[in-house]
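What follows is a short report on a single structure.
The values are calculated or read from the model by the stated rules, or taken from the named source; none is laboratory data. Source: prediction; values computed, not measured. Every residue, glycine among them, receives a Cβ derived from its backbone with ideal geometry; neighbour counts consider all protein chains shown. In case anyone asks, the SASA skips ligands and DNA or RNA and just uses the protein heavy atoms, side chains included. Shrake-Rupley method; radii C 1.70, N 1.55, O 1.52, S 1.80 Å.
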Amino acid sequence: MTKNEKQILHNSITDVADFPKKGIVFKDITTMLNDKVAYKTLMNILYKRYENLDIDYVVGLDARGFIFGGALAHRLNIGFVPIRKKGKLPQETISLKYSLEYGENELQIHKNAFKHKKAKVLIVDDLCATGGTAKAAYELIKKLDANLIEFCFVIDINLDNVKEQLSKLAPVFCVLDM
C-alpha cells in the first residue's frame with residue numbers, strides 16, 4: 001500500500017466519540033463507503049493482496065464484513081459465504097456463542113456453506129477489536145472441515161494484542177492500524 005493510498009483511507013474514516021457507549025471511540029467506516037475514491041482504493045488493495053492466492057470462498061462477518069467480503073469475492077470470482085447473527089439464515093445451520101466487547105452473541109453458518117471439504121477460506125470483517133467474532137467464525141469454519149487461509153480486517157484498533165492472539169489460529173492482515 002502506498003503512502004497516498006493509506007492517507008486516502010485514513011482520511012475517509014470518521015471517529016465517533018462515546019458510541020455505542022461512553023468511553024469508546026467508534027471507527028465509522030460508512031464515510032469510507034460513500035467516498036468512491038476511498039472505497040475503490042480499499043477494494044484495489046484487497047484484490048491485489050488476494051488475487052493470486054488459492055482461495056475458494058470469502059467469508060464475511062455480520063454485518064459490515066458483508067460489504068467488503070461480498071465485493072472482494074465478486075472481484076476474485078469466487079463464492080461468498082455470510083456468517084450471521086442467530087436467526088438470520090433460512091437453512092440448517094451450526095451455531096456458536098461467543099463474548100464480545102459489549103456482551104455476548106451467537107453466530108451461525110449454513111451447514112452447506114462450502115461445496116466441498118477442505119475449502120480454503122478468507123475471513124473478512126471491518127474491525128479487529130476484541131477478536132471474539134473472528135474466533136467464533138474460525139471455530140464455525142473448522143466445524144465444517146474448511147481451512148482458514150487468513151483473517152482480513154480493514155482496521156486494527158490494537159486492543160489487548162488481539163491480532164497476535166488471532167495469528168495463533170491463522171495469519172492476520174489489517175489494512176490500517178488505528
- Accessible surface, segment 1-112, averaged per residue in Å² (probe 1.4 Å): 58 Å²
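Based only on Cα atoms, what mean projected area does the convex hull of segment 1-143 have, in nm²? Could you put the intermediate results ahead of the total?
Values: hull surface 37.1 nm².
So the mean shadow area of the Cα hull is 9.3 nm².
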- Task: Summarise the accessible area of the chain (1.4 Å probe, protein heavy atoms) by the percent that is carbon and sulfur.
- Result: 48 percent
- Could you work out the relative contact order of the chain, using alpha carbon pairs under 8 angstrom and six or more residues apart, expressed as a whole percent? 16 percent
- Message: In Å and on Cα atoms, what radius of gyration and Dmax does segment 76-178 show?
- Response: 13.4, 38
- Query: Which longest run of the chain has no exposed loop site in it, a site being trypsin sites (Lys or Arg not before Pro) in a DSSP loop with at most 13 other beta carbons within 10 Å, and the site itself not part of the run?
  - Reply: 23-87
- Message: Cut-off 16 Å, label point 7 angstrom out along Cα-to-Cβ of Glu106: give me the residues of segment 128-145 whose amide nitrogen falls inside.
- Response: 136-137, 140
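Excluding Asp62 itself, what net charge comes from residues whose Cβ is under 14 Å from its Cβ, given Lys and Arg +1 and Asp and Glu -1? Walk me through the numbers before you get to the answer.
Details: positive: Arg64, Arg84, Lys85, Lys86, Lys88; negative: Glu106, Asp125, Asp126.
Surrounding charge for Asp62 is +2.
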- Count the lysine pairs in segment 1-108 whose Cα atoms sit under 28 Å apart, keeping only pairs 8 or more residues apart in sequence or on different chains. 28
- Using the Cβ atoms and a cut-off under 12 Å, what net charge is assigned to the surroundings of Lys40, where Lys and Arg are +1 and Asp and Glu are -1? 0
- Task: Would you mind calculating the gained length between Glu51 and His74 on full extension (0.36 nm times residue separation, minus the Cα-Cα distance), in nm to one decimal?
- Result: 7.1 nm
